[in-house]
Amino acid sequence: MARYNGSVCRLCRRENQKLFLKGDRCYTEKCSFERRGYPPGQHGQGRIKFSEYGLQLREKQKIKRIYGLLEKQFRQLFEKADRTKGITGSNLLSMLERRLDNVAYRSGFANSRAEARQLVRHGHFAVNGKRVDIPSFMIGKGDVVEVREGSRPVARIGGALEAVKRREIPQWLELDATTFKARIRDLPVRDDITAPMEERLVVELYSK
């Protein structure tokens, strides 16, 4: 599967916003965005004026990078959200939140979505008792995501659970850290997503 292999700190600087792509490092003074809070490149410190299209493109790129998707994956998910009853932008964000890699991250089993994606690919998680190694697997209401018994001693998972107090567990999730399980209380809605995102710009971009 294709994936981005470049510097993730560069992505935060490009979007002029801390995207928390490197887990614990983003909370320390080593964070590149804190040290160099301007876009990368030789013209990064100059004045930048975006057109309407430019604003729409930057918002799409930002949301893609937050959730770790490439263009083809993101476009397919948008088309699915557009076919689903309801508001397209809200549907899109809800589907992004329901991806297994994101649920693992939001539950506190990993320090970043990239780390969660790797743990999922290595088969450390089960959904409703069945092993799932597909990061894009869509979680539904009432599902239980758990760390498989043989994977519970993994240091990265234990360390992430200890540091989970840095992030707030969303209300649509119920975490039981002692049993390494997270239950989906309800499907996430737009109000549950606190990250600054303007999904309407993405809808406008793809509607052209």
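Quick notes on this one:
- With neighbours defined as other Cβ atoms within 10 Å of a residue's Cβ, the residues Arg113, Arg148 order from fewest to most as Arg148, Arg113.
- Rounded to the nearest whole angstrom, the semi-axes of the ellipsoid equivalent to segment 79-208, taken from the Cα gyration tensor as √(5λ), stand at 27, 15, 13, largest first.
- Euclidean distance between Cα centres, segment 169-208 to segment 102-165, Å: 16 Å
FYI, it's all coordinate maths here, none of it is from the lab. Bear in mind the structure is a predicted one, so any value in this text is a computation, not a measurement. Heads up, the Cβs are rebuilt from the backbone with ideal geometry, glycines too, and the neighbour counts pull from every protein chain shown.
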